[in-house]
Structure formats: structure tokens, C-alpha cells
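The values are calculated or read from the model by the stated rules, or taken from the named source; none is laboratory data. Model, not experiment: these values are computed from the prediction. Quick reminder, even Gly has a Cβ in these numbers, built from the backbone with ideal geometry, and neighbours come from all protein chains shown.
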């Protein structure tokens with residue numbers, strides 16, 4: 001009996017599909033060959049253009065682009081050959097971030113901050129690099145992001161051609177503005193003068209009052225308050241005596257109010273105290289600072305920037321399953337209408 005029909009080869013790919021024809025898991029390739037006429041003489045396989053070897057068991061493929069060929073020969077010498085590509089990428093992209101700004105105290109930046117990002121993928125290749133601010137939508141990343149005063153949350157996401165994705169996020173707190181001080185420009189000795197300090201960014205930390213003479217002839221009088229919140233009110237009541245008890249002679253002296261916020265910004269303002277010719281009355285109270293209670297807004301959290309570890313996010317297109325391929329020619333199409341019968 002004459003046999004002119006080559007053997008038939010059927011194969012199956014088992015793995016999780018991603019996008020653009022890639023698999024995002026290891027892939028198992030199995031195949032069978034049959035010959036109904038003279039019978040099968042040999043069934044062989046070649047991987048990535050390597051040598052032909054007898055096929056005995058399913059093959060497993062990991063990351064990379066692969067080509068697998070199957071060849072079947074029957075006893076009449078007829079040969080069938082089929083080639084199947086297998087592209088595997090199980091590794092998500094990488095994201096590199098650069099954060100540039102002037103660091104202050106307590107995890108705050110005291111300048112505008114620029115955040116730049118780059119993405120890379122050694123497998124299927126980078127398909128997209130995106131960012132989102134606070135709870136906003138994802139937007140294509142094209143240039144560095146600049147952050148000004150306030151608290152900010154940001155996220156970056158990289159997606160490769162296979163559908164693997166990586167996301168990283170961070171937090172920035174920026175305060176470039178020093179506290180504002182309200183203090184009279186001048187007054188005479190014997191008056192108790194009130195002052196007010198405000199900070200709308202990181203919040204107040206320390207208020208210091210210094211009384212000195214311009215030529216530094218006398219030891220300064222100074223006191224300090226540890227404060228918090230957005231506002232602080234205090235008073236300056238100087239008795240005209242220096243730190244060592246020396247009485248200030250007639251003239252003009254400087255009272256400085258210096259305020260620091262939690263980010264490390266410092267503001268200062270001075271007023272002039274005039275000491276008239278009369279001697280300083282001994283009954284005047286020593287210099288004090290009396291805080292006045294004011295409503296304190298809730299402070300903004302000063303958490304340092306934290307970037308979460310990259311995570312791989314499964315995509316909706318990843319579908320485990322089996323996918324068939326065959327060397328058999330497609331069946332001829334019938335001109336009859338398609339049947340709805342199962």
C-alpha cells in the first residue's frame with residue numbers, strides 16, 4: 001500500500017497569558033504525533049534552533065523568547081514539521097526615582113522638590129510609565145514633577161509589553177515659608193508689649209526673645225518657649241536690667257523675637273525699646289514671656305518620604321489555560337448556514 005500522507009502533529013501550550021502574545025508564567029509545551037497509514041517511525045523536537053532529539057515528555061520554558069520545532073517521520077519516509085514561538089516574561093518592570101530638594105528638620109523639605117522617574121524592562125520591554133498625585137488619575141509621565149508647599153502623595157506605575165506592572169509611592173512634606181511675627185516697631189521702657197507668631201506650614205516649634213544693645217556692651221537678656229500649632233501669642237515685659245543686673249542707661253535697645261517652625265525655617269523681627277533719662281524703678285517686674293492661649297489648628301503630619309517596595313499587579317488579560325496548535329490543514333468551509341445545534 002502506498003503512503004503519501006505525512007504524519008499529523010498536535011501540540012498544546014499551557015501557561016498564563018499576558019498581553020501582546022506574551023505569557024506571564026512558565027509555559028509547558030506538549031505535543032503528539034500520529035500516522036494512520038504506514039505508522040510513525042520517529043518524533044523529534046528542536047529548541048531554539050538546536051539539534052533534533054527524540055521527543056519524550058513536555059518541555060518547560062521560562063523567561064525569554066523561544067522557538068520550538070516538532071518533526072514527525074512515518075515509515076514511508078513522509079515528514080511533517082511544525083514550529084511554535086513561545087514568549088515568556090514573568091518579571092515586572094523596574095522604577096528608579098530621584099528626589100531633589102533641600103532637607104529641613106523632622107522629614108520636611110524647605111525648598112521646592114523635584115521628583116523624576118525612569119522605567120526599564122529587560123523582558124518584553126517597557127510599554128508605559130505613569131504617575132498619579134494624591135488620589136488623582138493615572139497620567140503618562142513625560143518630565144520631572146515639582147512639588148511646592150504642602151503635603152503631597154505620589155505614585156508611579158510602570159507596565160511592560162507582557163502586561164506585568166510595578167507601582168511605587170511616596171510622601172513629601174514641603175514648607176518653604178518662615179513663621180510670620182507681628183511685633184510693634186518701638187515702645188518705651190515700662191510698657192508690656194504683646195506679640196503674635198503664625199506659621200501655616202509645618203507648625204511652630206520654638207519662639208525665642210532676645211533683648212540686647214547694638215554695641216553688645218551688656219550681657220543679653222533672653223528666654224525661649226517650646227511651642228506647637230499654627231499660632232502663638234506672648235508678651236515682653238523688660239525691667240531695664242541686663243542679665244548681670246546692670247541697669248540699662250538711657251538710650252535705644254533692641255528686642256528680637258525669633259521663631260522657628262518644625263521644618264527648620266526661622267523668622268525674626270525686632271522692636272526698639274527706649275529707655276528715658278529717669279532711673280529704672282525697682283518695682284518693675286523681670287522680663288517674662290506670657291503665652292496667651294489661642295486656637296491651634298490640627299498639625300499636618302510630618303512623615304518622611306517613604307517609597308513602598310515594588311509590587312507586581314496582575315492584569316485583567318492574564319488568563320491561565322491551554323492553547324492548541326496543529327500541523328493539520330484547516331477543514332474546508334461549508335457554504336451551508338451555521339447550525340445552532342450544540
Go through segment 23-56 and count every residue that is in contact (Cβ under 8 Å) with a residue 12 or more places away in the chain, surrounded by fewer than 17 Cβ atoms within 10 Å (Cβ to Cβ) and closer than 30 Å to residue 92 by Cα. 7
What pairs come out if I take residues in segment 89-112 that are without any contact (Cβ under 8 Å) to a residue 60 or more places away in the chain and pair them with residues that are part of a loop (DSSP other than H, G, I, E, B) and buried (at least 19 other Cβ atoms within 10 Å of the Cβ) whose C-beta lies under 8 Å away, six or more apart or interchain? 102/110; 103/110
Filter pass, residue 186 being on the phi < 0 side of the Ramachandran plot and either within 38 Å of the chain's Cα centre (by Cα) or at pLDDT below 95 (or both): no
So which residues in segment 18-37 are within 13 Å of residue 62 (Cα to Cα) and within 39 Å of the chain's Cα centre (by Cα), if there are any at all? 22, 23, 24, 25, 26, 27, 28
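When you go through 230, 293 one by one, which is the residue that is out of contact with any helix residue (DSSP H, G or I) (no Cβ under 7 Å at 6 or more places or on another chain), modelled with pLDDT of 95 or more and over 19 Å from residue 186 (Cα atoms)?
Numbers: 293 fails: modelled with pLDDT of 95 or more.
The match here is 230.
Which residues, taken from segment 242-258, are assigned to a strand (DSSP E or B) and either surrounded by fewer than 18 Cβ atoms within 10 Å (Cβ to Cβ) or within 48 Å of the chain's Cα centre (by Cα) (or both)?
Taking segment 242-258 as the starting set, the residues that turn out to be assigned to a strand (DSSP E or B) are 247, 251-258.
Within segment 242-258, 247, 251, 252, 254, 255, 256, 257, 258 qualify.
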Any residue at all in segment 101-113 that is surrounded by fewer than 16 Cβ atoms within 10 Å (Cβ to Cβ) and within 13 Å of the chain's Cα centre (by Cα)? no
Residue among 161, 140 that is within 30 Å of residue 116 (Cα to Cα) and surrounded by fewer than 20 Cβ atoms within 10 Å (Cβ to Cβ): 140
So residue 133 passes all but one of these: (1) under 30 Å from residue 19 (Cα atoms); (2) buried (at least 17 other Cβ atoms within 10 Å of the Cβ). Which condition number does it fail? (2)
Residue count, segment 1-19, condition outside any strand (DSSP E or B) and surrounded by 15 or more Cβ atoms within 10 Å (Cβ to Cβ), comes to 5
